[in-house]
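Below you'll find the structure, written out as structure tokens, and then a few comments.
The values are calculated or read from the model by the stated rules, or taken from the named source; none is laboratory data. Predicted, not measured: the structure shown is a model, and the values here were computed from it. Ideal geometry is used to build each Cβ from the backbone, glycine not excepted, and the neighbour counts take in all protein chains shown.
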Amino acid sequence: MKTKAVRIYGKNDLRLEEFELPQLKDDEILASVVSDCICMSSYKAAVQGSDHKRIPDDVAVNPTILGHEFSGEILEVGKKWQNEFKVGHKYSIQPALNYQGSLDAPGYSYRFLGGNATCVIIPNEVMEMNCLLPYDGEAFFYASLAEPMSCVIGAFHASYHTTTGVYEHSMGIVPGGNMAILAGAGPMGLGAIDYIINTDRRPGLIVVTDIDDVKLRRAEEVLSVEKAARNGVTLVYMNTGSSDELLSLTDGKGYDDVFVYAPVAPLIETADRILARDGCLNFFAGPTDPSFSAAFNCYNVHYASTHIVGTSGGNTSDMLESLDMMGRGLINPSAMITHVGGLDSVIDTTLNLPKIAGGKKLIYTGISMPLIAIEDFIKSTDPVLQKLAEITGRNNGLWCAEAEKYLLEKKGLLHFKSVTAAFFSRPCYAAPMPTLTYDLRSFSLLKTDNKNKEEARKT
């Protein structure tokens, strides 16, 4: 069976290719991919190539598929797993397998498994590690967001505190305490705010800082101080201030838990200065520079029990928690998404991710479509995007299940509700995939068939 995927061959060397998948083994599962979110971690992998800890050394000759925040449907189940997984079921994947101590992960290390593909083979170890997770939700994109939300949740669980004279760590944040989320108005920060004001273990005060006033205003629109107050949390948004300004909000006590969401040395040093006694600094943002460092007050480490922790991804329990909270309507991570595109937009988007403003970039692998900001839908003359503008406008400017359903119905979706054996001789993507071409002067969208691709490109 053929698939179409974005594969990495080396540093800044990504290629969209069609290729043959191998014969399915008895301990493997064949699945479609419907949605994937492009993560900054994928950018880091793309620019580092085989220097990245999860990218194989031989990627130049055995390329792997990028993308680790994905969801789709099961197409075929090998004999070993037929009692646990069924054709037609939706799934999400926890990429942090930790299989036999290896760093190998879907979206980095596997030749036939990654999110930027139309069809994938899920190997035995994913199921062995309980990392293929059933998903019963209405929209695929929520399952894609379960992975980044698990990273957020894992960070809160990894923070810890101590009691003088007792040699045990108390895991988690201080309930009713003071919390700061620095550089917290980006997509992951929004996920963190949404989770922590809606989970059972909440702080009494959350101060969210950022240097971007536009992001701060948008964060407050989506996650209001009134909403937090209804859950007993005082939520404050502020443009990044001095440590004295931040400390003044706690009457000088400091913050029990500080999360740093950008790999910026002065930000880490500010976080250090505002820690309360036994304060925990959680360095959430992953730097690309292996020599990245910042000053940390070791006097306070000794005398005030301040400490630092870092996490890289969540575990399966964290991901199940995110799926459960989404399913119960407690959190809505759709605020993380600001752009939508098709499989052919992945390469440019990944390699230029730091330059593209906004939050998560949501990819639907079964369509061909340039990346476009949700807020720009309204600028298009294309009736489909105009309708999407209307749908998202009714949803406070957020992507939603209705928008997903409409886009995939109108622009073509590889969505296998019923799969027959005869289908498996066909490529694992809609053929021909519709090509969407923008007139950049007016944002107008033209839909063409494969026969007229070249004419459309010229247009």
Verdict on residue 115 being surrounded by 24 or more Cβ atoms within 10 Å (Cβ to Cβ), in contact with a Phe, Trp or Tyr (Cβ under 8 Å, 6 or more places away or on another chain), touching a residue at least 12 places away in the same chain (Cβ under 8 Å) and assigned to a loop (DSSP other than H, G, I, E, B):
yes
For strands (runs of 3 or more DSSP E) lying entirely in segment 1-62, having 1 or more residues that are more than 19 Å from the chain's Cα centre (by Cα) picks out 2-10, 13-20, 29-32
_Flag for residue 285 being under 18 Å from residue 207 (Cα atoms) and modelled with pLDDT under 95_ = yes
Here the residues within segment 357-369 that are surrounded by fewer than 19 Cβ atoms within 10 Å (Cβ to Cβ) and at pLDDT 95 or above are none
Listed by first then second residue, the pairs whose first member lies in segment 370-395 and is within 24 Å of residue 350 (Cα to Cα), whose partner is of a type in the set (Lys, Arg), with beta carbons under 8 Å and at least 6 positions apart or on separate chains, are 371/361
All conditions in (1) in contact with a His (Cβ under 7 Å, 6 or more places away or on another chain); (2) closer than 30 Å to residue 22 by Cβ; (3) surrounded by fewer than 22 Cβ atoms within 10 Å (Cβ to Cβ) are true of residue 162 except (2)
Within segment 35-54, is there a residue that is at positive phi, assigned by TED's automatic domain parsing to the domain that holds residue 357 and not polar (S, T, N, Q)?
yes
Considering residues that are out of contact with any Gly (no Cβ under 8 Å at 6 or more places or on another chain), outside any strand (DSSP E or B) and buried (at least 24 other Cβ atoms within 10 Å of the Cβ), the number found within segment 332-344 is 1
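Per-residue answers, yes or no, for (1) without any contact (Cβ under 8 Å) to a residue 12 or more places away in the chain; (2) out of contact with any Leu (no Cβ under 6 Å at 6 or more places or on another chain):
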| residue | (1), (2) |
| --- | --- |
| 69 | no, yes |
| 72 | no, yes |
| 75 | no, no |
| 79 | no, yes |
| 82 | yes, yes |
| 87 | no, yes |
With criteria (1) free of Cβ contacts under 8 Å to residues at least 24 places away in the same chain; (2) in contact with a Ser or Thr (Cβ under 7 Å, 6 or more places away or on another chain), residue 3 comes up short on (1)
By residue number, the members of segment 63-99 that are farther than 18 Å from residue 41 by Cβ and assigned to a strand (DSSP E or B) are 72, 73, 74, 75, 76, 77, 90, 91
Cβ pairs under 9 Å, 6+ apart or interchain, first in segment 298-310 and closer than 24 Å to residue 154 by Cβ and modelled with pLDDT under 95, second surrounded by 15 or more Cβ atoms within 10 Å (Cβ to Cβ) and not aliphatic (A, V, I, L, M), ordered by first then second residue, are 310/282; 310/283; 310/284; 310/286
Next on the checklist: Just to be sure before I move on: is residue 338 of a type in the set (Ser, Thr, Tyr) and closer than 29 Å to residue 210 by Cβ in the structure I sent?
Outcome noted: yes
So the strands (runs of 3 or more DSSP E) completely within segment 217-331 holding 2 or more residues that are outside the structural domain of residue 171 (by TED's automatic domain parsing) are 307-310
Filtering segment 285-305 down to residues that are surrounded by 15 or more Cβ atoms within 10 Å (Cβ to Cβ) and more than 30 Å from the chain's Cα centre (by Cα) yields 300, 304, 305
Of the residues in segment 1-32 that are touching a helix residue (DSSP H, G or I) at 6+ places or on another chain (Cβ under 9 Å) and small (Gly, Ala, Ser), the one that is surrounded by the fewest Cβ atoms within 10 Å (Cβ to Cβ) is 10
Counting only residues in segment 262-282 that are touching a strand residue (DSSP E or B) at 6+ places or on another chain (Cβ under 7 Å) and among the acidic types (Asp, Glu), the one farthest from residue 207 (Cα to Cα) is identified as 278
Open item on the list: Any residue that is in contact (Cβ under 8 Å) with a residue 60 or more places away in the chain and under 20 Å from residue 294 (Cβ atoms) - is there at least one of those in segment 192-206?
Closed with: no
